[in-house]
Amino acid sequence: MIHLRLKLRLELLGPVLTQSTSAGSMGLDAVMARTLAGKPYLPYSQVRGKLRQSLEELGEKVSPTFVHHWFGPRQATNDQELDRGNLYFTDFVHPLPKDKFATRTRIQIDDQTRAAKDRMLMVIDSPFEVNELAAFDGEIVSICSSLEEAEEAVKYIVAGMKSIRQMGAERTVGFGRVQTVNLIDVSLTELTQKVAAKKPRKRIEDLFRGKSFQPAITHQQTKVQNLAGTRFVLRIRPRQPLCIGGITENGNLIRSEEIIPGGAILGSIGTIWRQASGLPAREFEVKEIESGHWNALAKNFGNLIVTHAIPSPKGTNTRPCAVPLSLVAAEPWTDIPDDLYDVSLCKQPRLIPVKNDSSNRPPVFQSDWKSHVVSKKADAAFGWTSVPKELRVRTAIDSQSLRAAEEQLFAYHMVVQDQHEWLAYLDLYDVPSSDRASVLAELQQLLIAGLGPLGKTKAWADVSIEPVSKVIPKWSSNVNELPDGGWVITLQTPAVLCGAESLRDPTGGKLHEGYNNTFDKLSKSSLRLNRFFARQSLAAPRFAGKLPTNDRGQYYPFILTDTGSTFVLEAAGGKAEAQASIEEWLARGIPVCDEFLGGNSKDADWKRCPYLNRHGYGEISVNQPWLNGQFNNDMPTCLRDE
């Protein structure tokens, strides 16, 4: 079971143009794609497409099953819709920033006059001179079930890359000619804890004749003795831009979310397990198999709890918290006060006192915050920073004409990873104590070379499993009852807490009743809902045409209660039982009531609903510090009834 990582350098003869979708300097018609640091790059999708085209053109010289297995079908049919390629690419990036003001021009010649055609002057961003050698470094990653499969992959990848003649735009006038393809490094990491007795690698070594190094299988034993307890931190550092889920706008623009769901992380772990076990793409259920190397992990995969991974600036070790919907600002009149107040403990509506002002003003909730000043202060108070974004427009290429296929244009609004790392929690509480050490060891071994593929860009990330003490939340939780009585919980991630019928009453009475019934059932009647500040979303569009149904075959949309929704709960009976429920939810998230799961009741819960607490949904914070009487300038002010 080999994790294969190839590092390659493509050297192109200038000029080179891979067009960016972002605006460049004034007057430019075609802009070179650059990273945030100003380094020109070849997009991963273009390198992947060129390699596939090259291998297809080699025809009989390439194994017939290689292209389909490693790249997947060009257009999936019903039988192939679950097939996925097994090669993952990063962008190929030039090592240095380049001049943004170097240009060259092109004109179009009139067929009749043989002179320059009117209004057909094109100004092109050209950071590389004619015949200047432009180097681009990138990686290709794959999971192979055997060393022989890895050898075959290396052989065909190198052959295909060396058959590429041109990269980028303007190929008919000599732009982007491929001069050399250099294999810089081959990393072969054994993912199992047992070292194979035989290590045939002659075919790979043949590719490195004349090189200063020899590839070898790396085998690293994991060490788990320093990781105590059941809860750990997953620190994720993506190697390339991400497009996670997101909302499709105007039919062909996919806007990425900034947070990586726990379900996506578990899905990537399952993909690595499947590929390393040599199972087909449609075999997506993780379970024990004969002669499996990770049977402890496979047996307990359904017991793993992974929270959402939240972006945090590198080096801060602080995990942001959601901004509660119970926060308000004061109504702006002539000025814009930016002080924040938490009204969750107010039993009735009230006016907001404004500092340095004798008047009281009406409260303004988040949905009506018009001032960016207030929003920015709230984000800063809860640890959120701006994550850079990048828009990339893509299209399918017609394999016959080698031009853009019709009606296949789409765009990704992606998250750029350079300044942040993503922090999640891994909890093994539900794993039997006798299996925890084995599960942790096997998980570390499986992830020793990275986590992926993630999201629509199939990105890979470096990942480490660390003690939970390595990361602290921006604001801590306290499960003890408040001095005022009760508990205030705030959703850190969305949760399924009500059904569609609860939204039919415009007064909100049905919604209050629905939430109260949910908390009553989940706490075994030890808690009741006092009041709430919440927002709901319809989640069915995430299913991409596979809408959920109930046992009667009727359409059953999931209603998500959004991040930041705040609920004020009080004990309905014994306080010890109520606090025990709060502690359970804080540790493992709020579960989904069976009545909200949808689907066929005979199916496993993960097949009925993707929004489970062990997949990161329903994470909460409890009784944040200002609710317990603490105060500093970074905290909101807690208001109580006058």
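The values are calculated or read from the model by the stated rules, or taken from the named source; none is laboratory data. Remember, it's a predicted structure, so these values are computed and weren't measured experimentally. No Cβ is skipped: glycine too gets one built from the backbone with ideal geometry, and neighbour counts run over all protein chains shown. Areas reflect the complete protein model, heavy atoms only, side chains present, ligands, DNA and RNA absent. Shrake-Rupley method; radii C 1.70, N 1.55, O 1.52, S 1.80 Å.
Taking 35 Å as R0, compute the FRET efficiency from the Cβ-Cβ separation of residue 524 and residue 228 and round it to 0.05. FRET efficiency, residue 524 to residue 228: 0.65. Taking every alpha-carbon pair under 8 Å whose residues sit at least 6 apart, the stretch 584-642 reaches a relative contact order of 32 percent. 3J(HN,Hα) along the stretch 449-463: 9, x, 10, x, x, 10, x, 6, 8, 6, 6, 10, 9, 6, 9 Hz, from the Karplus curve 6.51 cos²θ - 1.76 cosθ + 1.60 with θ = phi - 60°, whole Hz, x for Gly and Pro. Here the chain is treated with +1 on each Lys and Arg Cβ and -1 on each Asp and Glu Cβ, and its dipole about the Cα centre works out to around 1500 debye. For residue 65 and residue 409, a Förster radius of 25 Å and the Cβ-Cβ distance give a FRET efficiency of 0.20, rounded to the nearest 0.05.
The amide H of residue 62, built 1.01 Å from its N in the peptide plane, has no neighbour under 5 Å, considering only residues 5 or more places off or on other chains. Farthest towards the positive end of the charge dipole of the chain, among the residues 576, 483, 388, is the Cα of 388, using unit charges on the Cβ of Lys, Arg, Asp and Glu. Here the relative contact order of the chain, from alpha carbon pairs under 8 Å that lie six or more residues apart, stands at 16 percent. Once you reduce the stretch 412-483 and the stretch 572-642 to the center of their Cα atoms, the two points are 19 Å from each other.
Entry note, the chain: the mean residue ellipticity at 222 nm calculated from DSSP H runs of n ≥ 4, each adding -39500 (n - 2.57), is -5500 deg cm²/dmol after division by the residues and rounding to the nearest 500.
Along the charge dipole of the chain, Cβ charges K/R +1 and D/E -1, which of 426, 46, 246 sits furthest on the positive end? Farthest towards the positive pole: 46.
Taking all protein chains as they are arranged and a probe of 1.4 Å, the heavy atoms of residue 562 leave approximately 20 Å² accessible to solvent. At a probe radius of 1.4 angstrom, the accessible area of the stretch 342-431 per residue rounds to 56 square angstrom. Amide H contacts for residue 325 (H built 1.01 Å from N in the peptide plane; partners 5 or more residues away or on another chain; cut-off under 5 Å): 565, 566.
Whenever you get a sec, compute what percent of the accessible area on the chain sits on carbon and sulfur atoms (1.4 Å probe). The nonpolar share, carbon plus sulfur, comes to 48 percent. For the residues 434, 477, 326, a 1.4 Å probe over the protein chains yields an accessible-area ranking, largest first, of 434, 477, 326. With a 1.4 Å probe rolled over the protein heavy atoms of all chains, the accessible area of 120, 1, 414 falls in the order 120, 1, 414, largest first. For the stretch 414-424, 3J(HN,Hα) computed residue by residue from phi via the Karplus equation (6.51, -1.76, 1.60; θ = phi - 60°) reads 9, 8, 8, 8, 4, 9, 10, 10, 10, 10, 9 Hz, glycine and proline entered as x.
Overall size of the chain from C-alpha positions, given as principal axis extents largest first: 81, 68, 49 Å. Kirkwood analysis of the stretch 79-133, using all unique Cα-Cα pairs, places the hydrodynamic radius at 15.9 Å.
Quick note on the stretch 385-504: its Rg to Rh ratio, both from C-alpha atoms and Rh being the Kirkwood radius, is 1.10.
Take residue 512: with every protein chain present and a 1.4 Å probe, its accessible area is about 60 Å².
Derived scalar couplings between HN and Hα for the stretch 516-533 equal 4, 5, 5, 5, 4, 5, 5, 9, 6, 6, 9, 10, 9, 8, 8, 7, 8, 10 Hz in order, rounded to whole Hz, by the Karplus curve 6.51 cos²θ - 1.76 cosθ + 1.60 (θ = phi - 60°), x for Gly and Pro. Near residue 531, the amide H atoms lying under 5 Å from its own belong to 568; only residues 5 or more places off or on other chains count, and H is placed 1.01 Å from N. Each Lys and Arg contributes +1 and each Asp and Glu -1, all at the Cβ; summed about the Cα centre of the stretch 317-471, the dipole is approximately 260 debye. Taking every protein chain into account, the accessible area of the stretch 140-187 amounts to 37 square angstrom per residue (probe 1.4 Å).
Cα convex hull, the stretch 421-475: 124 Å³ per residue, rounded to a whole number. Sorting 468-475, 348-355 by their mean Cβ neighbour count within 10 Å, with the most densely packed peptide first, gives 468-475, 348-355.
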